[in-house]
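Enquirer: Questions regarding the structure given below will be posed in turn.
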Amino acid sequence: MCQLLGMNCNVPTDICFSFEGFSARGGRTDEHQDGWGIAFFEGLGCRMFLDAKPAIASPVADLVRRYPIHSTHVIAHIRKATQGGIALVNCHPFRRELWGRYWVFAHNGNLIDFQAQTNFYQPVGQTDSETAFCLILETLRQSFPQGKPALEQLYPVLQEVTATIATKGIFNYLLSDGEHFFTYCSTKLCYIVRQAPFAAAHLIDEDITVDFQKLTTPSDRVAVIATTPLTDNEVWIQIHPGKLLVFQDGLPHRDF
């Protein structure tokens, strides 16, 4: 199956270090060679890069590794195809508009015999992932036609539709609108929060170490979410299966 990488922080931050290790799994240290993609929120804008080539062989991925784009919400994905051919149209993350904001979604898993009847949102490619994304947004749009509600209202609706989809198979996902960052663990997902006092981190997939104390201020806070840990000298927190978390400003909400 695929792998996920997300970042949520309280100040715009680049993801070059994490993406260096993550993209190595796209054909060098792991078998996810069927395309990749990454999305960066910048205010109301959303910059996206997609390629059907393996991440380790993609000139676009090389650009992202070397280009320190600063963002508070980032979603990345490397693909091992289960449904839908190897094509740009099937690369995650997927993006749609809802309530005047971009929403971005990436999925790791496989939904068996999953179909959804939607009116406003329609999948363009052939993946179960994009179909699930369309159903999530259709449900939110129908539930709150006047616009985005408070998080306390949105969360239970998202939780319900997520639980329904998850009955069809493995459904780990990342979802963001640039304001809130949602993560759902079906089987495997973990995170780490980096904050003061910062320390050095060493990648598992590349022999690269970064001392974050030299690159940050004491008020910075960064949450990194991944399918499996990216570093071997930090303590990653495993998200419990069935848990829908909300991150904001680099921390998971404790109210949900």
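The values are calculated or read from the model by the stated rules, or taken from the named source; none is laboratory data. All values derive from a computational prediction rather than experimental measurement. Please note: Cβ atoms are built from the backbone with ideal geometry, for glycine as well, and neighbour counts cover all protein chains shown. The area values use the complete protein model at the heavy-atom level, side chains included, leaving out ligands, DNA and RNA. Shrake-Rupley method; radii C 1.70, N 1.55, O 1.52, S 1.80 Å.
Enquirer: Please work out if Phe171 is out of contact with any Cys (no Cβ under 6 Å at 6 or more places or on another chain), among the aromatic types (Phe, Trp, Tyr), farther than 25 Å from Glu42 by Cβ and modelled with pLDDT of 95 or more.
Expert: Judged against the criteria, Phe171 is a match.
Enquirer: Checking the structure you have, find out if any residue of the stretch 86-108 is in a loop (DSSP other than H, G, I, E, B), open to solvent by 60 Å² or more (accessible area, probe 1.4 Å) and in contact with a strand residue (DSSP E or B) (Cβ under 9 Å, 6 or more places away or on another chain).
Expert: No, because not a single residue in the stretch 86-108 is in a loop (DSSP other than H, G, I, E, B), open to solvent by 60 Å² or more (accessible area, probe 1.4 Å) and in contact with a strand residue (DSSP E or B) (Cβ under 9 Å, 6 or more places away or on another chain).
Enquirer: Residue by residue through the stretch 122-134, note down the ones that are in a loop (DSSP other than H, G, I, E, B) and surrounded by 21 or more Cβ atoms within 10 Å (Cβ to Cβ).
Expert: Answer for the stretch 122-134, where residues must be in a loop (DSSP other than H, G, I, E, B) and surrounded by 21 or more Cβ atoms within 10 Å (Cβ to Cβ): just Thr127.
Enquirer: So in the stretch 213-239, with the set limited to residues that are open to solvent by 30 Å² or more (accessible area, probe 1.4 Å) and closer than 22 Å to Phe40 by Cβ, which one is modelled with the lowest pLDDT?
Expert: Filtering first and then ranking leaves Leu215.
Enquirer: Moving to a separate point now. Do the conditions hold for Val193, that is, is it open to solvent by 30 Å² or more (accessible area, probe 1.4 Å) and under 15 Å from Asn8 (Cβ atoms)?
Expert: Spelling it out, Val193 is indeed open to solvent by 30 Å² or more (accessible area, probe 1.4 Å) and under 15 Å from Asn8 (Cβ atoms).
Enquirer: Got at least one residue in the stretch 240-247 being open to solvent by 50 Å² or more (accessible area, probe 1.4 Å), not aliphatic (A, V, I, L, M) and not in a loop (DSSP other than H, G, I, E, B)?
Expert: yes
Enquirer: Quick test for you: out of Arg65, Arg28, pick the one residue that is open to solvent by 10 Å² or more (accessible area, probe 1.4 Å) and not in a helix (DSSP H, G or I).
Expert: Arg28
Enquirer: How many residues, within the stretch 53-93, are farther than 22 Å from Thr127 by Cβ, of a type in the set (D, E, K, R) and in contact (Cβ under 8 Å) with a residue 40 or more places away in the chain?
Expert: 2
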